[in-house]
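The values are calculated or read from the model by the stated rules, or taken from the named source; none is laboratory data. Keep in mind that this is a model prediction, so the values were computed, not measured. Note: ideal-geometry Cβ built from the backbone for every residue, glycine included; neighbour counts use all protein chains shown. With ligands, DNA and RNA removed, areas are computed over all heavy atoms of the protein, side chains included. Shrake-Rupley method; radii C 1.70, N 1.55, O 1.52, S 1.80 Å.
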Amino acid sequence: MSVLEIKDLHATVETPEGTKEILKGVDLTIRSGETHAIMGPNGSGKSTLAYSLAGHPKYEITGGSVLLDGEDLLEMSVDERARAGLFLAMQYPVEVPGVTVSNFLRTAKTAIDGEAPALRTWMKDVKGAMDNLRMDHAFAERNVNEGFSGGEKKRHEILQMELLKPSIALLDETDSGLDVDALRIVAEGVNRAKETTDVGIMLITHYTRILNYIRPDYVHVFVNGSVAEQGGPELAERLENEGYDRFLAAQ
């Protein structure tokens, strides 16, 4: 079982107006097999939390600790965090001209496992995962995310998750920009990964619609850089009906 332990995490970012504190003491523990929905208004720090955990150089950790299976995550480089089992599905996946999806996936798998996967087995796994996500096999020979629609980019993120098999996955607004059909297919991919690998999931979202497909074990309301309230799936239903006004009024 893997465990991600976040304790009193603080982080800042440089802005034209100077240094701004974004994370203001985050406490959160995610274990294998658990799904934690992180909800909250725009600008509350949800994405900053995901990128800080992944090691984005834009954010400076100024306090607190993060342990992944007892190891200090903050002392690891970005690639070391990935090899340790951390995965980030980005809200805005970047294009990588000149690198095909096929080469990208096999290179990533080799880097994480420490050895190249057997080609015949690997191609079978890739094609099977693409079929599950309703992706044409021709995508494998296209450049990473280049010319992809929003839905295709998000499916590619989940394709990576299914093939790389992380122990903890950070999904940053995976539902953003998806129509109903694409949302369902992406959600099915997340559920399939959870069922087959017991991955722990931190799912960042503004809306409850994805939670109709991916049922969270815990819901955390993120406001002004920290967790303002937490509960079970019923909390998401309350947020759907009431919004975030009561949290913002208390700031």
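The residues listed here are GLU80, GLU95, GLU34; of these, the one that is under 24 Å from LEU178 (Cβ atoms), open to solvent by 50 Å² or more (accessible area, probe 1.4 Å) and among the charged types (D, E, K, R) is GLU95. The numbered conditions (1) in contact with a Phe, Trp or Tyr (Cβ under 7 Å, 6 or more places away or on another chain); (2) within 26 Å of ARG142 (Cβ to Cβ) are all true for PRO97 except (1).
Here VAL144 clears all of (1) open to solvent by 10 Å² or more (accessible area, probe 1.4 Å); (2) of a type in the set (Val, Ile, Thr); (3) touching a residue at least 24 places away in the same chain (Cβ under 8 Å) except the condition numbered (1). Could you run through the stretch 209-234 and say how many residues are among the hydrophobic types (A, V, I, L, M, F, W, C) and under 21 Å from LYS24 (Cβ atoms)? Here the count works out to 6. Of all residues in the stretch 82-106, those that are over 13 Å from ALA169 (Cα atoms) and assigned to a loop (DSSP other than H, G, I, E, B) have Cβ atoms under 8 Å from Cβ atoms of residues that are charged (D, E, K, R) and open to solvent by 30 Å² or more (accessible area, probe 1.4 Å), 6 or more apart or on another chain, in PRO93/LYS153; GLU95/GLU146.
Evaluated against (1) assigned to a loop (DSSP other than H, G, I, E, B); (2) farther than 24 Å from THR197 by Cβ, GLY63 falls short on exactly one condition, (1).
Against the numbered list (1) open to solvent by 50 Å² or more (accessible area, probe 1.4 Å); (2) assigned to a loop (DSSP other than H, G, I, E, B); (3) in contact (Cβ under 8 Å) with a residue 40 or more places away in the chain, GLY43 comes up short only at (3). Under the condition of being open to solvent by 50 Å² or more (accessible area, probe 1.4 Å) and either β-branched (Val, Ile, Thr) or outside any helix (DSSP H, G or I) (or both), the residues counted in the stretch 113-131 number 5.
Residues that are within 29 Å of ALA187 (Cα to Cα), of a type in the set (A, V, I, L, M), over 17 Å from the mean Cα position of the chain (by Cα) and open to solvent by less than 20 Å² (accessible area, probe 1.4 Å) do occur in the stretch 15-23, at least one of them.
Each row is one residue, and each column tells you yes or no for (1) polar (S, T, N, Q); (2) open to solvent by 30 Å² or more (accessible area, probe 1.4 Å).
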position	(1), (2)
ASP8	no, yes
THR12	yes, no
LEU28	no, no
LEU49	no, no
GLU60	no, yes
LEU67	no, yes
LEU73	no, no
PHE87	no, no
VAL99	no, yes
